[in-house]
C-alpha cells in the first residue's frame with residue numbers, strides 16, 4: 001500500500017471510519033434501500049482502493065496520490081452518487097439511459113475492473129472483460145457457443161442501471177453481512193484478541209511432542225476462519241509459526257506445508273468460514289446454522305488429520321515440545337482484560353446466531369461487543385480509556401483496509417455471474433457436463449472439480465465458488481445430488497488450488513517465508529491434507545458425513561471416519577508405530593480411505609488391512625527393542 005502523509009492521510013482515515021461506521025449504523029438502525037446501501041458501500045471502498053493501492057507495485061513506497069487516481073476517485077463519486085440519487089428512475093420508472101448515464105456506466109465498469117486488477121491481479125478483470133466482450137460480440141461465433149445479437153445499450157443498462165449487474169445480490173451480500181463479519185475479524189485482530197488466541201494455542205498444544213506444529217494448526221485455522229483468505233493468513237500467522245517450527249526441529253519444507261494446509265482449512269471450518277458460508281446460505285435459502293452443521297464433521301476430520309499428521313512427523317523425527325522458557329506465562333494470558341476481549345465477542349456472536357436473528361444483526365452485535373470490551377477492559381484509568389478511544393480510528397482504518405480486499409472482487413463476480421446467465425454461456429458449459437453425467441456421475445463430479453480448481457487457481461475462494469455454483473451446480477443437482485452437498489463440494493474444490501501445484505499460492509507464500517523450494521513444500525501439503533481433496537467425493541455421494549441421515553448412522557460413520565482420517569494421514573506421512581515401508585504406507589492409505597467411505601463392507605475391509613499393518617509394525621518394534629537390548 002502507499003505511504004500517505006498530510007491531507008490524503010486524513011482523507012483515508014475519514015473515509016475508512018465512515019465506511020465502517022456506515023455498516024455498523026445500518027446494522028443497528030436498518031439497511032437503506034438496496035441501491036443506496038450498495039452504491040455507498042462500493043463507492044467508499046473504491047475510493048480507498050485508489051487512495052491506498054498504486055497502479056503498479058513499484059509505486060507502493062511512494063508518498064501521495066497521483067492525479068490519475070484522483071481522477072478515478074472523482075469518477076467513482078459521480079457514478080456511484082448518480083445511482084444513490086437517481087436509482088428510482090432506473091429501477092422503478094425504467095427511464096432510458098442518457099449519454100451522461102452511459103458515460104457513468106462505462107466509467108464505473110472500467111473503474112471496477114481496474115480496482116479488481118490492483119487488488120487481486122490481472123486474471124479476474126481480464127476474465128470479466130472477456131465475458132463482456134463475449135456478450136457483446138458472441139453472435140459472431142458459429143456453432144453452439146454463439147448466441148443471438150444483444151444490443152450494447154442493453155448490456156450497459158443491465159450492468160449499471162439494473163439491480164442484477166454490478167449492483168446485484170452478490171454485491172448485496174458484500175454490502176451487508178459479509179462487510180460486518182470482515183470488520184469483526186479485523187477488530188478481533190487489531191484489539192489484541194488474536195495474540196491472545198495464539199498464546200492459548202501455545203499453552204494448549206505447545207507442551208506436547210511437536211507442539212510448535214500443533215500450535216500452527218490451531219492458530220492458523222482460527223485466523224483463516226476469520227479472514228476467509230488462505231494467502232492472507234499465511235502472510236500473517238506464517239511469519240510467527242514457520243520460524244518457530246524451524247527453530248524446534250521441523251524441516252523448513254514441513255513448516256511451510258503445515259502453515260499452508262492449516263490456513264487453507266479455515267475457510268471450510270465453522271462457525272465463521274470466511275465469507276463464503278454466508279453466500280452459500282443465501283444461495284440455498286437456508287439458515288447459516290444449517291451450513292455450519294453441514295461443514296462441522298468434514299472440518300473436524302480435516303483438522304484432526306492435519307493435527308495427527310504433525311504428530312506422526314514429530315514421532316518420526318523425535319521432536320520435543322516447545323521449551324518452557326518460550327511459552328507465554330499462564331498468568332499473563334489468563335488475565336481478565338485478555339480473556340474478556342476474546343471470549344465475550346465470540347460468545348455474543350454465537351448467542352445471537354443461535355437465537356435465530358439475522359446475520360446482519362449477528363455481525364453488528366459481535367462488532368460492537370469487540371469495541372465495548374476493548375474500551376472497558378482493564379486498566380480502567382482515565383488515561384488508558386483516552387488512549388483506547390484515540391486508537392479506535394486506526395482500528396476502523398485496519399478494518400476498512402481488510403474490507404477493500406474483497407469488494408472489487410465481489411462486484412466483478414456479480415458482473416460475471418450476471419453475464420454468464422444473460423449471455424447463456426453457463427447453460428452451454430452445463431451441457432458439456434450433462435453429456436457425461438447420466439452415464440457416469442463420478443466423471444461429472446471429476447470434471448466439475450477440475451473446472452472449479454482451475455477457477456480457484458486464478459480467483460479468490462468466494463469468486464471461484466460463486467462461478468462454480470453458477471456454471472455447475474444446476475446440472476449436478478439435476479443428476480440427483482443433494483443441493484447442499486453439491487455446494488459444499490464446490491466450496492472445497494474452490495480452495496484446493498491454493499495448495500495443489502502448479503499455482504498453489506498458499507504454498508508459494510509459505511515456502512518463501514520458510515526459505516525453501518516450493519515443490520518440496522507442496523509435496524508436504526499434499527501429504528498432510530489428503531482429506532481436502534478426498535472428502536468432497538465421499539460426502540457428496542453419501543450424505544451422513546454432512547449431518548444428513550439418522551443419528552445412529554451419522555454417529556457410526558463419524559466414528560469409523562475419525563479412525564480412517566488418522567490412518568490415512570499415518571499412511572501419507574509414512575509413520576505409524578514405526579517408520580513405514582512403501583507397501584505399508586500404501587496399505588494404510590487404502591485402509592484409511594475405506595474407513596472414510598460409509599458402509600459396513602468398506603469399514604470391515606479397512607479394519608482388516610489396518611490390523612495387518614499394525615501387527616507387522618508391532619512385531620518390527622519388538623524385534624528392534626530386542627536387538628537394542630542385546631547390543632547393550
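The values are calculated or read from the model by the stated rules, or taken from the named source; none is laboratory data. A quick note: this is a predicted structure, and the numbers were derived from the prediction, not measured. Here Cβ is always computed from backbone atoms with ideal geometry, including for glycine, and neighbour counts include all displayed protein chains.
Scanning the stretch 543-554 for residues that are part of a helix (DSSP H, G or I) and touching a helix residue (DSSP H, G or I) at 6+ places or on another chain (Cβ under 9 Å), we see that the one that is farthest from residue 489 (Cα to Cα) is 553.
Note on the stretch 459-542: no enclosed helices (runs of 4 or more DSSP H) hold 3 or more residues that are more than 28 Å from residue 170 (Cβ to Cβ) and in the same structural domain as residue 592 (by TED's automatic domain parsing).
Among the criteria (1) within 18 Å of residue 170 (Cα to Cα); (2) touching a residue at least 24 places away in the same chain (Cβ under 8 Å), the one residue 49 does not fulfil is (1).
Cβ separations smaller than 6 Å between residues 6+ apart or across chains give no pair from the stretch 575-593 residues that are outside the structural domain of residue 621 (by TED's automatic domain parsing) to residues that are modelled with pLDDT of 90 or more and not in a loop (DSSP other than H, G, I, E, B).
Yes/no per residue for (1) assigned to a helix (DSSP H, G or I); (2) under 13 Å from residue 407 (Cα atoms):
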residue: 126; (1), (2): yes, no
residue: 135; (1), (2): yes, no
residue: 139; (1), (2): yes, no
residue: 146; (1), (2): no, no
residue: 149; (1), (2): no, no
residue: 167; (1), (2): no, yes
residue: 174; (1), (2): yes, yes
residue: 179; (1), (2): yes, yes
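Scanning the stretch 184-200 for residues that are more than 21 Å from the chain's Cα centre (by Cα) and either surrounded by 24 or more Cβ atoms within 10 Å (Cβ to Cβ) or not in a loop (DSSP other than H, G, I, E, B) (or both) yields a count of 4.
Among the residues that make up the stretch 594-602, is at least one of them touching a residue at least 60 places away in the same chain (Cβ under 8 Å), under 30 Å from residue 292 (Cα atoms) and surrounded by 16 or more Cβ atoms within 10 Å (Cβ to Cβ)? The answer is yes, given that some residue of the stretch 594-602 is touching a residue at least 60 places away in the same chain (Cβ under 8 Å), under 30 Å from residue 292 (Cα atoms) and surrounded by 16 or more Cβ atoms within 10 Å (Cβ to Cβ). Just one of the listed residues (410, 382) is in the same structural domain as residue 224 (by TED's automatic domain parsing), in contact (Cβ under 8 Å) with a residue 40 or more places away in the chain and either out of contact with any strand residue (DSSP E or B) (no Cβ under 7 Å at 6 or more places or on another chain) or more than 28 Å from residue 201 (Cα to Cα) (or both), namely 410. Restricting attention to the stretch 151-165 and to residues that are over 27 Å from residue 454 (Cβ atoms) and either outside the structural domain of residue 280 (by TED's automatic domain parsing) or assigned to a loop (DSSP other than H, G, I, E, B) (or both), the residue that is nearest to the chain's Cα centre (by Cα) turns out to be 163.
Residues in the stretch 302-332 that are at pLDDT 85 or above and surrounded by 19 or more Cβ atoms within 10 Å (Cβ to Cβ): 302, 303, 305, 306, 307, 308, 309, 310, 311, 312, 313, 314.
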